[in-house]
1. Run the simple label-point estimate for Asn3 and Val114 please: 7 Å along Cα→C-beta, distance reported in nm.
2. Report the net charge of residues surrounding Cys68, where surrounding means a beta-carbon distance below 12 angstrom and charges are Lys +1, Arg +1, Asp -1, Glu -1.
3. Assigning unit charges at the beta carbon (Lys, Arg +1; Asp, Glu -1) and nothing else, what dipole magnitude in debye, to the nearest 20, does the chain show about its Cα centre?
4. Going by Cα centres, segment 1-52 and segment 109-155 are how many Å apart?
5. What list of ³J(HN,Hα) values in whole Hz, one per residue of segment 73-79 in order, does the Karplus curve 6.51 cos²θ - 1.76 cosθ + 1.60 (θ = phi - 60°) give from phi, with Gly and Pro shown as x?
6. Give me a comma-separated list of calculated 3J(HN,Hα) values for segment 82-87, in order, Karplus coefficients 6.51, -1.76, 1.60 applied at θ = phi - 60°, integers in Hz, x for any Gly or Pro.
7. Can you work out the Karplus-derived ³J(HN,Hα) for every residue in segment 61-69? Use 6.51 cos²θ - 1.76 cosθ + 1.60 with θ = phi - 60°, whole Hz, and x for glycine or proline.
8. Quick query: amide H of Ala26 versus all other amide H atoms, modeled in the peptide plane; which residues come in under 5 Å with a sequence gap of 5 or more or a different chain?
Amino acid sequence: MDNPVAKLNLRHPLHLCAVGLGSGLAPKAPGTFGTLAAIPFYLLLAQLPLWLYLAVLLLSFIFGIWCCNKASQAMGVHDHGAIVWDEFVGYWITMTAVPLSPLAVGLGFVLFRVFDIWKPWPIKLLDKKVHGGFGIMIDDVLAGIFAAICLQLILPVFA
């Protein structure tokens, strides 16, 4: 059987980023491992002023369209599970403007994974209908937005 991951060149920076610096190569639950790998980067990003955090998010999204598309083309598979840059960006969206705390980091992780796996409307629709790098990214962007709204509503309960 053909292994699409074997078609990647992990020395190529775009391929390496697309697989979340290797976190997407986990044999089980690569999206979960990709999201876990996004947390240390979030801890660095959380130190930025909000305007700069949002600028990094936008650039990460644009970069993600490009790198996920390149990896997908190399693999010959649309949105292969090993491609997890979209999880990085989705998690970072979830954590936008959230006060840094272990509770927020953990709850954001859980909420993002729930929306990314569940894919309520319109996430599921976009996941099925939109292809290429944009298609790979957009469902996780929406999952991140849904999770961010929930996180903003839930966190004050624990404050």
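Every read-out reported here was derived from the displayed coordinates using simple, explicitly stated rules and does not represent laboratory data. This is a predicted model, so every value here is computed, not measured. As a convention, Cβ positions derive from the backbone with ideal geometry for all residues, glycine included, and neighbour counts pool all protein chains shown.
1. 3.7
2. Values: positive: Lys70; negative: Asp79, Asp86, Glu87, Asp139, Asp140.
Here the count lands on -4.
3. On the way: 9 positive and 8 negative charges, 29 e Å.
So the magnitude is around 140 debye.
4. Segment 1-52 and segment 109-155 have Cα centres separated by 17 Å.
5. The phi angles translate into 5, 4, 7, x, 9, 6, 6 Hz.
6. Working through the residues one at a time gives 5, 7, 10, 4, 5, 5 Hz.
7. Karplus values, whole Hz, x for Gly and Pro: 5, 4, 4, x, 4, 5, 6, 5, 5.
8. Distant-sequence amide H within range of Ala26: zero hits.
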